[in-house]
1. Give me a count of the residues in segment 1-32 that are over 30 Å from C359 (Cβ atoms), modelled with pLDDT of 95 or more and part of a helix (DSSP H, G or I).
2. Please state which one of G175, G168 is assigned by TED's automatic domain parsing to the domain that holds A92 and within 23 Å of L254 (Cα to Cα).
3. Filter segment 260-310 down to the residues that are assigned to a loop (DSSP other than H, G, I, E, B), basic (K, R) and more than 16 Å from A107 (Cβ to Cβ) and list them by number.
4. Would you check if G72 is within 16 Å of the ligand (Cβ to nearest atom), at pLDDT 95 or above and either of a type in the set (D, E, K, R) or not in a helix (DSSP H, G or I) (or both)?
5. Can you tell me which residue in segment 52-69 is surrounded by the most Cβ atoms within 10 Å (Cβ to Cβ), limited to those that are in a helix (DSSP H, G or I) and more than 10 Å from the ligand (Cβ to nearest atom)?
6. Is at least one residue of segment 330-342 more than 29 Å from E14 (Cα to Cα), modelled with pLDDT of 95 or more and among the polar types (S, T, N, Q)?
7. Give the residue that is farthest from K363 (Cα to Cα), with candidates limited to residues of segment 212-268 that are in contact (Cβ under 8 Å) with a residue 60 or more places away in the chain, out of contact with any strand residue (DSSP E or B) (no Cβ under 8 Å at 6 or more places or on another chain) and aromatic (F, W, Y).
8. Does segment 305-339 hold any residues that are without any contact (Cβ under 8 Å) to a residue 60 or more places away in the chain, out of contact with any Leu (no Cβ under 8 Å at 6 or more places or on another chain) and within 21 Å of Q271 (Cβ to Cβ), and which are they?
Amino acid sequence: MQVPFVNFGPVVSEVKSACHDVLNEFLEHGHFVLGQMTTEFEHSYAAFCGTKYCVGVSNGLDALCLSLKAIGIGQGDEVIVPSNTYIATILAIIHANAKPVLCEPDALTYNIDPQKIEPLITAKTKAIMPVHLYGQACEMESIMRIAIEYNLAVIEDNAQAQGATYDGKHCGSFGIINATSFYPTKNIGAFGEAGAITTDHEEIYKKAKIIRNYGSEKRYHNELAGHNWRIDELQAGFLRVKLSYLAQWQNQRLHIASEYHRRLKEIGDIQLPKIAKKASHVYHLFVIQTTKRDALKVFLEEHGIQTLIHYPIPPHLQKAFIGYDFHNFHYPIAEKLAKQMLSLPLYPGMTDDQISYVCDIVKRYYHG
Ligand SMILES: Cc1ncc(COP(=O)(O)O)c(C=O)c1O
């Protein structure tokens, strides 16, 4: 049996006909940039997250950059960010000319450890950027408490956890402004590139909208030195369709994850993902830890099962960051995770036979 890491086929066949309608409408109305499809998607996505506003943008990295710019984070400012995130979160801080201050995660939930945030706060700290990694909500109660106490902004990186909640409240609705990505593999993925910011603050929303469009509200009148970070109109149309399927796809993700939890319990030295109290997990990725990671990966591959590593090199050790002070620091938890993490296949449309097969082969690796 072959089990790919991701297979877009089942999702595509479900939405194909509705997406053809979107394409036809798009071609007919002829409003190719920031039209009705963008506006409608922005309203739907804001409502989904429980925020007042959403601004669709070109991708997740631009959404992070826009978030920092819209609240005025720049030169000399420090931003606390997890040491085990995808590189985009850190790049956004660097592109804003601010300084990333890396905070270690909890070794079992993989999310930023709130207890390690306070010692990193200095007079220059302006914001905390929690990343809801792999689909699990961060411990937002503690993070928000620290932010309020030290007067810091919170900017969520919600690229991986659309639909996850903390204490019943949606990820993407805690921070002053929050970013997400609709990269095709995400829980709500475009058929191309897209991203968004969400916020409850009217002023920040207005500013973000202007920055996204060359710093201009009125054509050829530029109030700010902005960017072209506009969302693609057609992707916004597709995303609106896909958003309406999200609940059903999440259920499938949860089913696969619960099977993995049930069948891989106490197998070898496998550490299964741990869910923090009050947090929910939408299983963008199902990530296990094992000291035998590399050998297990090869064994699974030999049996037709594709896995990935998120992420093999922690951000601070990336070549891109030679010369930055954090490149020389040690982040032992992030470094250990990079050596031991393995993401198992998980996608809407994965069959029960495929789930069983993955579990059987993993068991066979440990128990023969
Ligand atoms: C945590 C996180 N932040 C940001 C991004 C950036 O999103 P994009 O690839 O759409 O720029 C990603 C995407 O992979 C991500 O996983």
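The values are calculated or read from the model by the stated rules, or taken from the named source; none is laboratory data. All of these numbers come straight from a predicted model, not from anything done at the bench. Every residue, glycine as well, gets a Cβ built from its backbone with ideal geometry; the counts of neighbours run over all protein chains shown.
1. Step one: of segment 1-32, the residues over 30 Å from C359 (Cβ atoms) are 16-32.
Of the ones still in play, those that are also modelled with pLDDT of 95 or more are 16-28, 31-32.
Subset that is part of a helix (DSSP H, G or I): 16-28.
Residues flagged as over 30 Å from C359 (Cβ atoms), modelled with pLDDT of 95 or more and part of a helix (DSSP H, G or I) within segment 1-32 amount to 13.
2. On the way: G175 fails: within 23 Å of L254 (Cα to Cα).
When all the criteria are applied, what remains is G168.
3. So in segment 260-310, the residues assigned to a loop (DSSP other than H, G, I, E, B) come out as 264-270, 272-278, 280, 282-285, 290-292, 303-304, 306-307, 309-310.
Subset that is basic (K, R): 265, 274, 277-278, 292.
Residues satisfying the conditions are K265, K277, K278, K292.
4. On the way: within 16 Å of the ligand (Cβ to nearest atom): no; at pLDDT 95 or above: yes; either of a type in the set (D, E, K, R) or not in a helix (DSSP H, G or I) (or both): yes.
Answer is no for this residue.
5. Applying the first criterion (in a helix (DSSP H, G or I)) to segment 52-69 yields 60-69.
Narrowing the set further to residues that are more than 10 Å from the ligand (Cβ to nearest atom) leaves 66-69.
Working: L66: 27, S67: 30, L68: 25, K69: 23.
Filtering first and then ranking leaves S67.
6. There is at least one residue in segment 330-342 that is more than 29 Å from E14 (Cα to Cα), modelled with pLDDT of 95 or more and among the polar types (S, T, N, Q).
7. F238
8. Of everything in segment 305-339, those that are without any contact (Cβ under 8 Å) to a residue 60 or more places away in the chain, out of contact with any Leu (no Cβ under 8 Å at 6 or more places or on another chain) and within 21 Å of Q271 (Cβ to Cβ) turn out to be P312, I313, K339.
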